[in-house]
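What follows is a set of notes on a single structure, which appears directly below.
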Amino acid sequence: MEYVGIHKKGELKLSELLKSIKEKADFYRAGAIATFVGVVRGETLDGEKVEELELQAYNEEANKVLSGICEDLKKREGIIDVQIHHFVGEFNIGEDLVYVAVAGAHRENVFMVLEDAVERYKSEAPVFKKEHIVDETGARESYWVSEREAQEKRRVK
């Protein structure tokens, strides 16, 4: 199994990820594993109804970025393993989009690193999200989230 990176929807189960961590030679040093599972939310930040989400990535670059984040965070005290697995494809509400797992010597070690891993992949990895929504009038619309955010920033200025 690839330890970090971009996967097609359904290529990896959370149980497989946890098993891969526990099978590592240095897992005997672990006292905690913290996980984050990102799922498709049924509404936008503006309260619009999301029907579907589409995710695409520049795979080669995204794999490099995700691997770099994991390697960087593994250098922290007490950390044994960090894995980030992001999925691409078409997703329905409630489906898994991303798995982040951190194994460490103690629970105090893993929570901050888990949060840092989530914040970093969201801001650094070239993963692109297209929301398919229904507005209050019932009209359907779809847009790339990064484009809409850029338009809103321009309107605020």
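None of the figures in this text is laboratory data; all of them are computed from the coordinates on show. Note that the coordinates shown come from a computational prediction; the quantities given were computed from them, not determined experimentally. Backbone-built Cβ (ideal geometry, glycine too); neighbour counts: all protein chains shown.
For the structure I just gave you, tell me whether Phe111 is of a type in the set (A, V, I, L, M, F, W, C), touching a residue at least 12 places away in the same chain (Cβ under 8 Å) and within 30 Å of Ala25 (Cβ to Cβ).
When the stated conditions are applied, Phe111 passes them.
Residue-wise test of (1) β-branched (Val, Ile, Thr); (2) within 17 Å of Leu12 (Cα to Cα); (3) without any contact (Cβ under 8 Å) to a residue 40 or more places away in the chain; (4) touching a strand residue (DSSP E or B) at 6+ places or on another chain (Cβ under 9 Å).
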residue	(1), (2), (3), (4)
Val39	yes, yes, no, yes
Glu52	no, no, no, yes
Leu66	no, yes, no, yes
Ile84	yes, yes, no, yes
Val100	yes, yes, no, yes
Gly104	no, no, no, yes
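Please state which of the following conditions Ile80 fails to meet, knowing it meets all the rest: (1) in a helix (DSSP H, G or I); (2) in contact with a helix residue (DSSP H, G or I) (Cβ under 7 Å, 6 or more places away or on another chain); (3) farther than 30 Å from Ile133 by Cα.
Evaluating Ile80 over (1) in a helix (DSSP H, G or I); (2) in contact with a helix residue (DSSP H, G or I) (Cβ under 7 Å, 6 or more places away or on another chain); (3) farther than 30 Å from Ile133 by Cα leaves (1) as the failure.
Across the range 97-138, what is the total count of residues that are within 22 Å of Ala62 (Cα to Cα) and either assigned to a loop (DSSP other than H, G, I, E, B) or touching a Pro at 6+ places or on another chain (Cβ under 6 Å) (or both)?
Qualifying residue count, the range 97-138: 2.
Tell me the residue from Glu48, Glu71 that is acidic (Asp, Glu), in contact (Cβ under 8 Å) with a residue 12 or more places away in the chain and either within 24 Å of Ile21 (Cβ to Cβ) or in contact with a strand residue (DSSP E or B) (Cβ under 7 Å, 6 or more places away or on another chain) (or both), please.
That would be Glu48, the only listed residue that is acidic (Asp, Glu), in contact (Cβ under 8 Å) with a residue 12 or more places away in the chain and either within 24 Å of Ile21 (Cβ to Cβ) or in contact with a strand residue (DSSP E or B) (Cβ under 7 Å, 6 or more places away or on another chain) (or both).
Is it fair to say Ala139 is exposed (fewer than 13 other Cβ atoms within 10 Å of the Cβ), aliphatic (A, V, I, L, M) and out of contact with any Asp or Glu (no Cβ under 9 Å at 6 or more places or on another chain)?
In short, yes.
Going by the conditions given, is Val65 of a type outside the set (D, E, K, R), touching a Pro at 6+ places or on another chain (Cβ under 8 Å) and not in a strand (DSSP E or B)? Walk me through how you get there before you give the answer.
Details: of a type outside the set (D, E, K, R): yes; touching a Pro at 6+ places or on another chain (Cβ under 8 Å): yes; not in a strand (DSSP E or B): yes.
Yes, satisfied.
Return the total of residues in the range 11-28 being in contact (Cβ under 8 Å) with a residue 60 or more places away in the chain and within 19 Å of the chain's Cα centre (by Cα).
7
Restricting to the range 34-56, count the residues that are part of a strand (DSSP E or B), surrounded by 15 or more Cβ atoms within 10 Å (Cβ to Cβ) and either among the aromatic types (Phe, Trp, Tyr) or within 12 Å of the chain's Cα centre (by Cα) (or both).
So the answer is 4.
Scan the range 1-33 residue by residue and report those that are surrounded by 15 or more Cβ atoms within 10 Å (Cβ to Cβ), touching a helix residue (DSSP H, G or I) at 6+ places or on another chain (Cβ under 9 Å) and closer than 22 Å to Glu90 by Cα.
Val4, Gly5, Ile6, listed by residue number.
Can you name every residue in the range 84-96 that is surrounded by fewer than 17 Cβ atoms within 10 Å (Cβ to Cβ), assigned to a strand (DSSP E or B) and out of contact with any Asp or Glu (no Cβ under 7 Å at 6 or more places or on another chain)?
Gly89
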